[in-house]
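A short write-up of the structure that comes next.
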Amino acid sequence: MIAKPSNRNSKSAAKKEFTFDAWAFLDSAGVAGKVKEVKKEEVIYSQGDAAMNVMHLQEGSVKLSVVNAVGKEAVVGILGPGDFFGEGCLAGQSVRIGTATSITPCKLHVIEKSEMLKVLHEQHALSDQFIAFMLARNIRIEEDLIDQLFNSSEKRLARTLLLLARYGKENEIHGVLPYISQEMLAEMVGTTRPRVNFFMNKFRKMGFIKYNGGLTVNTSLLSVVLHD
């Protein structure tokens, strides 16, 4: 479940984490790599490709997905500015286990595996940030699993929308989502598109979300997640 920090220490820790500008640090440290700009709905890498580099996302949103042997796709994550991805190569993965696709136009820094390992050993500030990111993502994966096992599809959808809106991320603009189809939301939540459509209409009528050229998520949607 998504919850506000329960004490001042956790709030301070969150501030420290999100005030670190990894992009500026990579640039100032002279990390070898290239800046890549991708268009909306462009494949950044595909499942089965050679895993040779790490990406750091500066602008835009990226979808991570996996396809099984019979061709069924599952969305396993949505990333935003400041996130790393493709880091599996650092842990010995020789090929990509999933596909990364841009949801919006994106700008990212592509860093070769050897260069990333070198800078993580030499630059402790970046290493600390990278470890913090990986720990936070592991916690998110655990929460996603608990969410799938124990919560209703309505609660799962509400939580997904709040996460996509970057709720709880300090020093970021919240609320407005990039375009995401109801089919994709259904894949992320683990339900059907008609159920997503039903709950989205319900959320809109209750004032939790609104459509005004885009989808805006009100933090009051948190009440759906916290309601027993």
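Show me 59-66, 156-163, 194-201 ranked by packing, highest mean number of other Cβ atoms within 10 Å first.
156-163, 59-66, 194-201
Would you pull out the residues with amide H under 5 Å of THR104's amide H, same chain only if 5 or more places away, H placed 1.01 Å from N?
Result for THR104 returns GLU41, SER61.
Please label the shape of region 95-163 as rounded, prolate or oblate, based on the square roots a ≥ b ≥ c of the eigenvalues of the alpha-carbon gyration tensor (a/c under 1.5 means rounded; beyond that, a/b larger than b/c means prolate, else oblate).
Cα axes put region 95-163 in the prolate bin.
Compute the distance in nm between two label points, each set 7 Å from the Cα along the Cα-to-Cβ direction, one at ILE131 and one at LYS36.
It is 2.8 nm.
Could you tell me how far the Cα centroid of region 135-151 sits from the Cα centroid of region 183-228, in Å?
Cα centres, region 183-228 to region 135-151: 19 Å.
Would you mind checking which residues have amide H under 5 Å from VAL76's amide H? H placed 1.01 Å from N; only 5 or more apart, or other chain.
Residues meeting the amide H criterion: LEU64, SER65, VAL66.
What does the highest-first list of 102-109, 128-135 look like by mean Cβ count within 10 Å?
In decreasing order of mean packing, 102-109, 128-135 become 102-109, 128-135.
Express the accessible area of region 104-175 per residue in Å², computed with a 1.4 Å probe while the remaining protein chains stay in the model.
54
What distance in nm separates the two pseudo spin-label positions at ARG193 and GLU115, each 7 Å out from Cα along the beta-carbon direction?
Spacing of the two 7 Å Cα→Cβ label points: 4.1 nm.
Considering only Cα-Cα distances, which of the following residue pairs are longer than 31 Å: LYS39/LYS210; LYS118/LYS155; LYS72/LYS107; LYS36/LYS202; LYS39/LYS113?
Exceeds cut-off: LYS118/LYS155; LYS36/LYS202.
Place the peptides 112-124, 178-190 in order of packing, highest mean first, counting for every residue the other Cβ atoms within 10 Å and averaging per peptide.
With the highest mean Cβ count within 10 Å placed first, the list reads 178-190, 112-124.
For region 52-101, what is the accessible area per residue in Å² when the probe is 1.4 Å?
41
Considering only protein heavy atoms and a 1.4 Å probe, what is the carbon-and-sulfur percentage of the accessible area of region 31-129?
52
Near the amide H of ASP49, under 5 Å away, which other amide H atoms are found, from residues 5 or more places off or on another chain, if H is placed in the peptide plane?
ARG96
The values are calculated or read from the model by the stated rules, or taken from the named source; none is laboratory data. Note that the coordinates shown come from a computational prediction; the quantities given were computed from them, not determined experimentally. Cβ: placed from backbone, ideal geometry, glycine included. Neighbour counts: every protein chain shown. Just the protein is used for accessible areas: all its heavy atoms, side chains included, with ligands, DNA and RNA removed. Shrake-Rupley method; radii C 1.70, N 1.55, O 1.52, S 1.80 Å.
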